[in-house]
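The values are calculated or read from the model by the stated rules, or taken from the named source; none is laboratory data. This is a predicted model, so every value here is computed, not measured. So basically every Cβ, Gly included, is an ideal-geometry build from the backbone, and we count neighbours across all protein chains shown.
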Amino acid sequence: MTPWVTRLLVTNVLVFVLVQPETLLYGLMTLFPPAVIGIDRFYIPAMPFRPWTVVTYMFLHAGFGHVFFNMIGLFFFGPRLEARLGPKGFLGLYFLSGLGGAAFSFLFSFGAPVVGASAAVYGILIGFAMYWPRELIYIWGVLPIQSRWLAAALVFVSLYSGISGSGGG
């Protein structure tokens with residue numbers, strides 16, 4: 001396991017354990033696009049301007065399955081990519097992808113709270129697929145699919161879900 005993948009895994013799991021969705025801290029860390037620019041009057045009225053949430057939302061998760069599958073993706077695709085890109089390149093890709101997810105939420109989910117490392121992990125998956133496009137990934141250990149097609153399918157489903165309002169992740 002590489003150093004930054006390990007740190008990100010531990011941080012995400014610790015934040016999930018320590019900050020459950022029912023807490024005020026969770027609300028203060030959740031990306032709620034109107035609050036980032038100070039126009040939120042409904043979500044947490046005591047603190048309507050929360051620009052830090054464009055980063056902190058990446059460490060929150062809506063439930064066990066959400067954090068579990070994000071961390072599985074990071075665990076399987078992250079180490080090899082971190083070894084290839086180096087620590088700075090890997091972290092840059094991770095956080096730039098997460099910020100891209102925040103920007104996407106501003107465009108298509110402006111009124112909905114956003115949590116999770118999905119955008120950051122998708123960035124890692126896409127990076128993996130760009131370096132090793134024909135690498136076979138076995139879904140559930142039995143269904144082989146090339147990494148480029150897995151990345152394309154997951155990104156398509158996520159974008160469609162986000163734009164259509166049927167969830168997203």
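Which residues, taken from the range 140-157, are at pLDDT 95 or above, among the β-branched types (Val, Ile, Thr) and touching a Phe, Trp or Tyr at 6+ places or on another chain (Cβ under 9 Å)?
Result: 145, single match.
Residue under question is residue 95, and the condition is that it be at pLDDT 95 or above, among the aromatic types (Phe, Trp, Tyr) and closer than 21 Å to residue 28 by Cα; does it hold?
For residue 95, the condition - at pLDDT 95 or above, among the aromatic types (Phe, Trp, Tyr) and closer than 21 Å to residue 28 by Cα - is met.
When the residues of the range 48-76 are narrowed to those that are of a type in the set (Phe, Trp, Tyr) and buried (at least 18 other Cβ atoms within 10 Å of the Cβ), which ends up farthest from residue 107 (Cα to Cα)?
Here the answer is 59.
Which of (1) closer than 17 Å to residue 9 by Cβ; (2) over 11 Å from the mean Cα position of the chain (by Cα) does residue 74 not meet, given it meets every other one?
(2)
Going through the range 77-104 one residue at a time, which ones are more than 12 Å from the chain's Cα centre (by Cα) and buried (at least 22 other Cβ atoms within 10 Å of the Cβ)?
77, 78, 81, 82, 90
For the range 104-139, give me each residue that is at pLDDT below 90 and either more than 19 Å from residue 160 (Cβ to Cβ) or out of contact with any Leu (no Cβ under 7 Å at 6 or more places or on another chain) (or both).
Correct list: 104, 106, 107, 108, 109, 110, 111, 112, 113, 115.
Filter the range 120-169 down to the residues that are in a loop (DSSP other than H, G, I, E, B) and either closer than 22 Å to residue 54 by Cα or without any contact (Cβ under 8 Å) to a residue 40 or more places away in the chain (or both) and list them by number.
Listed by number, the residues that qualify are 133, 134, 135, 140, 141, 142, 165, 166, 167, 168, 169.
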